[in-house]
1. Do the conditions hold for A:PRO63, that is, is it outside any helix (DSSP H, G or I) and either over 30 Å from B:ASN259 (Cβ atoms) or modelled with pLDDT of 90 or more (or both)?
2. Tell me the residue from B:PHE289, B:PHE302, B:PHE348 that is modelled with pLDDT of 95 or more and closer than 16 Å to B:SER251 by Cα, please.
3. Within the group B:GLY300, B:GLY337, which residue is over 23 Å from B:ASP280 (Cα atoms) and in contact with an Asp or Glu (Cβ under 8 Å, 6 or more places away or on another chain)?
4. Test each condition in (1) within 9 Å of another protein chain (Cβ to nearest Cβ); (2) touching a strand residue (DSSP E or B) at 6+ places or on another chain (Cβ under 8 Å) for B:LEU261 and report the one that comes out false.
5. Helices (runs of 4 or more DSSP H) wholly in the stretch B:1-114 with at least 1 residues that are more than 14 Å from chain A (Cβ to nearest Cβ) - which ones?
6. Condition check: at pLDDT 95 or above and within 14 Å of chain A (Cβ to nearest Cβ). Does B:LEU310 satisfy that?
7. Answer yes if at least one residue in the stretch B:219-232 is in a loop (DSSP other than H, G, I, E, B), touching a Gly at 6+ places or on another chain (Cβ under 8 Å) and more than 26 Å from B:ARG332 (Cβ to Cβ), and no otherwise.
8. Name every residue in the stretch A:61-74 that is surrounded by 11 or more Cβ atoms within 10 Å (Cβ to Cβ) and under 11 Å from B:ARG36 (Cα atoms), in order of residue number.
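The values are calculated or read from the model by the stated rules, or taken from the named source; none is laboratory data. All of these numbers come straight from a predicted model, not from anything done at the bench. Cβ: placed from backbone, ideal geometry, glycine included. Neighbour counts: every protein chain shown.
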Amino acid sequence: MTNKILLRRLALVGLLAAAALAAVVMSGCSVEPVVADEGEYSCIQCHTDRELLKADLKADPQPVKAKAVSAGEG
Amino acid sequence: MEADIAALVSPEFFDTVHGKMDCRYCHNGVKFAKTRAVAHEGMEPLPSATYAKSVCAPCHKKITDTFATTLHADTRGVSSTTTAQVLKRANPAGMDAVKQGLTKNCDTCHVSGCGDCHVSRPQFNDGGFVKGHVFYKSPNSLNNCMGCHGSRIEKEYTGKGESTKTVLHADVHWSPGGMQCTECHTAKWMHGGDVYDARYDAPQAPKCPDCHKQDTAFMAVKMHAQHATPESKAYLQCQVCHAQDYNNCTSCHVALDKNKLPFFETKSSGFDFNIGRNYDKTDSKPWDFIVVRHVPVFEGTFDFYGKNALTKMDAEPTWKYATPHSIQRVTRQTKKGCSSCHDNRDIFLTEDDLAGLTSDEVKANQPVVVNRVPQGVRNSEEE
């Protein structure tokens, strides 16, 4: 009898833990690193450092946006 | 603008409300990455493009709910396949060509999101942060408004135009006034809510008397007493006296280049000044005489998509009501008193100005043409 109650309680705790874990995983918190790995940059790191941006753009130039040339004034 | 500066976020941004948010709240993308390609996977560069459904909506709902109704959002008066003004000139058999031109060319000109006015230069001009991603409430005239409104407004308002007939100055509201566009073109108007197809139909469009009250001091000016009231023998739009020369364009045609990208070409443009008869009197345009500007449409505008698309060029004037942004107290219409205009054929739209136009276009402009230029006045009247 005691074992049955204990098992039920353990199952409930397990279920709650699984639900909490799922919620954490679904929110992205568990899979998202807090600190960048070696050689990785965050958005802010790159977009606040002009030299970094320049170097990156020099190494990998942005594709030129195709645009037709209009003439005169519209 | 160099790409690195265009995308450079200033430290000040992080002190602002928007700067406290995770970049990805608005832009998606990847938190940490070794390459630009990976960092930008799934990234949304223009998160405000969908207005009511955009990331701006939760906080700026009142604005994002109505912005889609504005002409900045869809330029429907110019480019809609159901309400564009040019449809009045269309040949029913050439309607497909007109609609292709409207869709593939004219409709490409509109703002690409809230950001075009509040964080970046317009995407139409390839964008780029104005203040390092710091958002600003009032658009900047030079960086935002004139990024698109360049040929007419920028040139007129900032005095960049050139006329063969007179020396032009910047609009007095700009220099020395220093007024930004938003002081007349208010946020309430720009953010929409009223539905209309042409900007002059907007109930909130600015009017000179909003600031220049027609009070005793105003009426003490003799010319105002004679020409600026509904009782005047010749009731004049304010710009008839106070606008300097302004830009006029002719013969615009639209097409696609070899890469199927849209472009336009106008045959000519130039600064001039013409007073015409008010062919469309309404409560908001009650004057007898108005300033008219030549608009660039002509019968061959949509030739690329099909010949004879605009066969009803007599349907509407091509010299149209205008509100030039070239205001000065003293202009070539005022500096010599009455004789500046009276007997001065050059500043009126006359038959001479229609030379070279097709017979349909000549016919269309008959309600605008001034057949009898006002006669000279005696010196005593001029004083």
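1. On the way: outside any helix (DSSP H, G or I): yes; either over 30 Å from B:ASN259 (Cβ atoms) or modelled with pLDDT of 90 or more (or both): no.
So A:PRO63 does not fit the description; no.
2. Working: B:PHE289 fails: closer than 16 Å to B:SER251 by Cα; B:PHE348 fails: closer than 16 Å to B:SER251 by Cα.
Result: B:PHE302 is the single residue among B:PHE289, B:PHE302, B:PHE348 that is modelled with pLDDT of 95 or more and closer than 16 Å to B:SER251 by Cα.
3. Values: B:GLY300 fails: in contact with an Asp or Glu (Cβ under 8 Å, 6 or more places away or on another chain).
Being over 23 Å from B:ASP280 (Cα atoms) and in contact with an Asp or Glu (Cβ under 8 Å, 6 or more places away or on another chain) holds for just one of B:GLY300, B:GLY337, which is B:GLY337.
4. (2)
5. Numbers: elements: B:3-6, B:23-27, B:36-39, B:61-67, B:71-74, B:76-79, B:95-104.
Hits in the stretch B:1-114: B:61-67, B:71-74, B:76-79, B:95-104.
6. Values: at pLDDT 95 or above: yes; within 14 Å of chain A (Cβ to nearest Cβ): no.
No.
7. The answer is no; no qualifying residue exists.
8. Result: A:GLN62, single match.
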